[in-house]
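**Q** Structure incoming, see below.
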Amino acid sequence: MDKTNQLQAFLSRGERLFAKKSYIAAKKEFDHALHIAPDKDTQEKRRLCEEQIRLDQRKEQIKKARKLEKKGDIPGALNGFSAALAATGSTIQAEPWLQDKIAQLRHRLEIGQMTSAVEKADDEKDPSIRLALYDIALAQGADPAILEKKAGCLVEMDRYEEAVVLYANEATTSQSIPQSDQGRYDFGFALIACDRYLDGVAQWEPLLSDYPILFPQIITLLPYLTRELAEHGRGYALPRRILAIIAGTDSRKTSPAATQDPQLIDQYARYFDYCYLKELWYAGEHSAIPALLPSPPRRRDVSLLAKLYLSLSADNVEYLSIAITYWLTVIHDRDTLRSLHVHQDTPNVSSNAPSDEILRDSLLALLDKQVAAHARSDQLSPSLSAHWQNERRQIARLAALSIEPEEEAASSEGGMASHGSSSNEDLIDGDRNYFPCTPAFAEEFGISDKILRLLREKKSDFDLDEQDWLELYAGYLPLGQYMSWIDPGNEEKIFSALPGKAQDQETEYLRQRIAFRCGIGRVLAGGRYSRKYFQAAIPLLTKNPHLRQELIYLVYAETTSEKVISALSDAMEFLARRLDDSRFLEATAHCIGLDVENLMHQGVVTGTLEKRLDAGLAICPDCPQIQTTLSNVRREQNFRQLDKAMRAMNLGKAARIVVEAEDEEIKELFFDAMENAYDSLMGGGNQEIVSLGLRNLYEACCTADEEHWLTEQLGEDLLDRRLP
Amino acid sequence: MTDPFIILGVDETATKKEIMLAVADALRDGRHNAKTIAAAQKMLFNPLTRAQAVFRYRVDFGPYAVSAPQVPVDSENRRPQLVRLIISP
């Protein structure tokens, strides 16, 4: 075969292979052809073959790399994709996805390397080597978990301050460190090692319920924590919580070390309670204090509670009732007032120390001011107001008696609680003698009986009016509080709970006093059926002018509503038949008069009004109000009758009503009506009817008032018409 | 905060001179405004209002006092000797 034929054969095979996309074989054929005869076209074909070969190789590399990636061979895949990217020449455009893929695989590879470095570090026993490995891992990117491990290494290596700084720095950036329990423990450990016991224990607090293994370490820390807290005087809430967790954890779950000295833990708990109490008081966080004190309160808590409740009641009226009880009792406590003079007697502290009385009055004024402030803001309920008045009045009465439980009794063992002791001893305890005290205080502390016994024993020593004595005594009896106030609707319940006719006069006084309060309660609610309560209170009302005055006050008070006047008039009418008190009788008539006026305005029929008026007039005929009402009722009656007569055109009767009423207003009304009739009559056409009408008008007007101008006018008109 | 003793940082036995010094300190510290400090000073200078303040704000915590347990603390090692634990749930 000659060269030309050979060339043709190479070229034609090359073309065929190129068409079949066998680029390697085609390239070989073109190479042979070029060897025989270099030609530009063949060279171009050879170049195209080479380019296609490169493209195929690149596709193959990508395919391989994908397979490797699937298999998890990240370095192999990365090499494959990188080679594919490198194969991108001037003629092949680099795809963005390939570059992204390479970046992604590189990142995964770095993470993998970091993880393996961390894993390798985790297996390392030497903390300094671990620290170095963690640093390497961290150099590739911040990871809170590795940071915690690094901090743990620092703790292990006693580099506590560095650990604290690391945690603190990370906390400011990630807001969540430490994330693991071990990290939190290590952070606490580092803080404790830096003498920051409270901060350290605060880190451990959330771990305690799951890790009782920490209890012994907490117990070891307590003396140091105590010393640190004492320096600052605050922060006691945390150790209290922690000791509560330890005390509340089932001892089976804890190590023996944690439970070996429960007494010590209890002693610390009580010490922290005491410190926390002081902390709260001086920080002004008073609302948390009641929970720290036992319930029911002890005598020794009274002074603190009085101050506490006064403080709390300034903003919360819910505390006002108890503040009244405690504050009044404490400011009447002589020992408490005397104790103030200890400071005032200090040289240079003060001269002109106030007397007990002046000081007590000023302290009472503080409470008074607080009560008034609540009243101004409409927060003082009637029951609270009654409680305030009653407590204040009763303790003042008791204090005025100048009796004091004998001091020598204070030394007796058992104090208030001792049974079989004399009443004097009962009013004193080892802490404080709270006598006098308010009735509510006496009831709360179970000393009402003892006060009553003392009052009985000393009764002959007092220069007291019988009613005042009974009022004082009954105030300290059970149910005594109801003498001042009964919640609306509870009258029947309280009345039923009262003893029947009592044996002793004090209990009988209480019974009648509460019956009276029940009656007042019913009246204030505008309800009828108060008579049975007042019936029970009649003996007391006959003797006690103050109680009668209470009813009288209600009658004349401007704020008393029509409804209350109605109920009150009924009750007072009932009582008036049994009480011989001119002021009360006049007030009763006044009240009936007001009630009748109200009924009249409501359009009640005259018969009923007259019946009520008669009752009022029978009680006190000279009462100005009943007289005014009487005249008003009469006038109303006359108006109605006049109106009726006028409508019936019974002018004669109407005129007689005017004469009998002797009331200028009625007369004026009558003549106004006559004038109108006269005007309409004069406009009429039938002279006979006009004349007849004029005569009728004249006769009626003559009867009513001969000298009235209309009468005279009518007379002249009749003369003009020549009518007799 | 209305407790004049806390505002001025003095106790109930403070003399007038001590109160004056405390007023100067309180004004310098700036924890309270001048009006509050002046009111506290006025309250403590008046025997009646001072007695009122003692009665109202001072509490005798003596009856509640509990001593801290007397646990010997190693004087040479000011810090507690704790061993770092590896904790696991």
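The values are calculated or read from the model by the stated rules, or taken from the named source; none is laboratory data. What you are looking at is a predicted structure, and each value in this text was computed from that prediction instead of being measured. Neighbour counts run over all protein chains shown; Cβ positions are idealised from the backbone, glycine included. Ligands, DNA and RNA are excluded from the accessible area calculation, which covers all protein heavy atoms including side chains. Shrake-Rupley method; radii C 1.70, N 1.55, O 1.52, S 1.80 Å.
**Q** Name every residue in the stretch A:183-194 that is within 11 Å of another protein chain (Cβ to nearest Cβ) and open to solvent by less than 40 Å² (accessible area, probe 1.4 Å), in order of residue number.
**A** A:G183, A:Y185, A:D186, A:G188, A:F189, A:A190, A:I192, A:A193, A:C194, listed by residue number.
**Q** I'd like the full set of residues that are free of Cβ contacts under 8 Å to residues at least 24 places away in the same chain, open to solvent by 30 Å² or more (accessible area, probe 1.4 Å) and outside any loop (DSSP other than H, G, I, E, B), limited to the stretch A:114-129.
**A** The answer is A:T115, A:S116, A:E119, A:K120, A:D123, A:I129.
**Q** Among the numbered criteria (1) within 12 Å of chain A (Cβ to nearest Cβ); (2) of a type outside the set (S, T, N, Q); (3) crowded, with 17+ Cβ neighbours inside 10 Å; (4) more than 21 Å from A:W281 (Cα to Cα), which one does B:V23 miss?
**A** Condition (1) is where B:V23 drops out.
**Q** Another question, then. Of all residues in the stretch A:534-563, which are in contact with a His (Cβ under 8 Å, 6 or more places away or on another chain) and either of a type in the set (A, V, I, L, M) or within 13 Å of A:D581 (Cβ to Cβ) (or both)?
**A** Answer for the stretch A:534-563, where residues must be in contact with a His (Cβ under 8 Å, 6 or more places away or on another chain) and either of a type in the set (A, V, I, L, M) or within 13 Å of A:D581 (Cβ to Cβ) (or both): just A:V555.
**Q** Further question: Looking at A:D465, A:D487, A:D504, can you tell me which residue is closer than 25 Å to A:F445 by Cβ, more than 34 Å from the chain's Cα centre (by Cα) and open to solvent by 20 Å² or more (accessible area, probe 1.4 Å)?
**A** A:D504
**Q** Next question, about the same structure. Tell me the residue from A:Y533, A:Y553 that is in a helix (DSSP H, G or I), of a type in the set (S, T, Y) and surrounded by 15 or more Cβ atoms within 10 Å (Cβ to Cβ), please.
**A** A:Y533
**Q** Let me confirm something: among A:D199, A:D250, which residue is acidic (D, E), over 30 Å from A:N316 (Cα atoms) and modelled with pLDDT under 90?
**A** Going through A:D199, A:D250 in turn, the sole match is A:D250.
**Q** Quickly run through the stretch A:25-42 and pick out the residues that are part of a helix (DSSP H, G or I) and surrounded by 13 or more Cβ atoms within 10 Å (Cβ to Cβ).
**A** Across the stretch A:25-42, the qualifying residues are A:A25, A:A26, A:K27, A:K28, A:E29, A:F30, A:D31, A:H32, A:A33, A:L34, A:I36, A:T42.
**Q** Yes or no: the stretch A:409-424 includes at least one residue that is modelled with pLDDT of 80 or more, in a loop (DSSP other than H, G, I, E, B) and out of contact with any Lys or Arg (no Cβ under 9 Å at 6 or more places or on another chain).
**A** No: zero hits.
This table checks each residue for (1) open to solvent by 60 Å² or more (accessible area, probe 1.4 Å); (2) of a type outside the set (S, T, N, Q).
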| site | (1), (2) |
| --- | --- |
| A:Q6 | yes, no |
| A:A9 | no, yes |
| A:S22 | no, no |
| A:C49 | no, yes |
| A:K59 | yes, yes |
| A:L68 | no, yes |
| A:A77 | no, yes |
| A:S82 | no, no |
| A:L105 | no, yes |
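**Q** For A:S287, work out the one condition from (1) closer than 30 Å to A:K369 by Cα; (2) within 13 Å of chain B (Cβ to nearest Cβ); (3) surrounded by fewer than 21 Cβ atoms within 10 Å (Cβ to Cβ) it doesn't fulfil.
**A** All conditions are met except number (2).
**Q** List the pairs whose first member sits in the stretch A:631-657 and is touching a residue at least 40 places away in the same chain (Cβ under 8 Å) and in a helix (DSSP H, G or I), whose second member is small (G, A, S) and open to solvent by less than 40 Å² (accessible area, probe 1.4 Å), and whose Cβ atoms are under 7 Å apart, counting only residues at least 6 apart or on separate chains?
**A** Listed pairs, sorted by first residue: A:L651/A:A700; A:G652/A:A700; A:A654/A:A645; A:A654/A:A700; A:A655/A:A700; A:A655/A:A704.
**Q** Just checking, how many residues over the stretch A:354-378 are outside any helix (DSSP H, G or I) and exposed (fewer than 14 other Cβ atoms within 10 Å of the Cβ)?
**A** Number of matching residues: 3.
**Q** Then there's this: Hey, A:I111 hits all of (1) within 27 Å of A:K71 (Cβ to Cβ); (2) of a type in the set (A, V, I, L, M, F, W, C); (3) open to solvent by less than 50 Å² (accessible area, probe 1.4 Å) but one; which does it fall short on?
**A** (3)
**Q** While we're on this one: Quick check on my filter: what residues within the stretch A:206-234 are more than 10 Å from chain B (Cβ to nearest Cβ) and either assigned to a loop (DSSP other than H, G, I, E, B) or open to solvent by 40 Å² or more (accessible area, probe 1.4 Å) (or both)?
**A** Listed by number, the residues that qualify are A:P206, A:L208, A:S209, A:E231, A:H232, A:G233, A:R234.
**Q** Are there any pairs with C-beta distances below 9 angstrom linking a residue in the stretch A:205-222 that is within 17 Å of A:F187 (Cα to Cα) to a residue that is at pLDDT 90 or above and of a type in the set (S, T, N, Q), with the two at least 6 apart or on different chains, and if so which?
**A** none
**Q** Also: Could you tell me whether the stretch A:492-515 includes any residue that is in contact with a His (Cβ under 8 Å, 6 or more places away or on another chain), touching a residue at least 24 places away in the same chain (Cβ under 8 Å) and within 19 Å of A:P382 (Cβ to Cβ)?
**A** no
**Q** Considering only residues that are in a loop (DSSP other than H, G, I, E, B), among the small types (G, A, S) and farther than 22 Å from A:I520 by Cα, which ones fall in the stretch A:435-493?
**A** A:G446
**Q** Additional query: Limited to the stretch A:235-250, what total is found for residues that are in a helix (DSSP H, G or I) and either at the interface with chain B (Cβ under 9 Å from one of its Cβ atoms) or open to solvent by 20 Å² or more (accessible area, probe 1.4 Å) (or both)?
**A** Looking only at that region, the number is 7.
**Q** Identify all residues within the stretch A:183-205 that are among the basic types (K, R) and either under 15 Å from A:L154 (Cβ atoms) or part of a helix (DSSP H, G or I) (or both); write none if there are none.
**A** A:R184
**Q** Pick from B:R79, B:R28, B:R50: which is surrounded by 14 or more Cβ atoms within 10 Å (Cβ to Cβ), modelled with pLDDT of 90 or more and either more than 23 Å from A:R227 (Cβ to Cβ) or within 12 Å of chain A (Cβ to nearest Cβ) (or both)?
**A** B:R50 is the lone residue from the list that is surrounded by 14 or more Cβ atoms within 10 Å (Cβ to Cβ), modelled with pLDDT of 90 or more and either more than 23 Å from A:R227 (Cβ to Cβ) or within 12 Å of chain A (Cβ to nearest Cβ) (or both).
**Q** If you take the residues in the stretch A:270-284 that are of a type in the set (S, T, Y) and surrounded by fewer than 20 Cβ atoms within 10 Å (Cβ to Cβ), which one is farthest from the other protein chains (Cβ to nearest Cβ)?
**A** A:Y282
Yes/no per residue for (1) closer than 27 Å to A:L305 by Cα; (2) outside any helix (DSSP H, G or I); (3) more than 17 Å from the chain's Cα centre (by Cα):
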{"site": "B:I6", "(1), (2), (3)": "yes, no, no"}
{"site": "B:V10", "(1), (2), (3)": "yes, yes, no"}
{"site": "B:T13", "(1), (2), (3)": "yes, yes, no"}
{"site": "B:A22", "(1), (2), (3)": "no, no, no"}
{"site": "B:R28", "(1), (2), (3)": "no, no, yes"}
{"site": "B:F55", "(1), (2), (3)": "yes, no, no"}
{"site": "B:D60", "(1), (2), (3)": "yes, yes, no"}
{"site": "B:A68", "(1), (2), (3)": "yes, yes, yes"}
{"site": "B:I86", "(1), (2), (3)": "no, yes, yes"}
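**Q** Test A:E586 against the stated conditions and say whether it is of a type outside the set (S, T, Y), surrounded by 13 or more Cβ atoms within 10 Å (Cβ to Cβ), out of contact with any Lys or Arg (no Cβ under 9 Å at 6 or more places or on another chain) and over 30 Å from A:E706 (Cβ atoms).
**A** In short, yes.
**Q** Among the residues of the stretch A:295-316, are any within 26 Å of B:I19 (Cα to Cα), at pLDDT below 90 and basic (K, R)?
**A** No, there is no match, as no residue in the stretch A:295-316 is within 26 Å of B:I19 (Cα to Cα), at pLDDT below 90 and basic (K, R).
**Q** Any idea which of (1) at the interface with chain A (Cβ under 8 Å from one of its Cβ atoms); (2) surrounded by fewer than 16 Cβ atoms within 10 Å (Cβ to Cβ); (3) assigned to a loop (DSSP other than H, G, I, E, B); (4) not hydrophobic (A, V, I, L, M, F, W, C) is the one B:K17 doesn't satisfy?
**A** Condition not satisfied by B:K17: (3).
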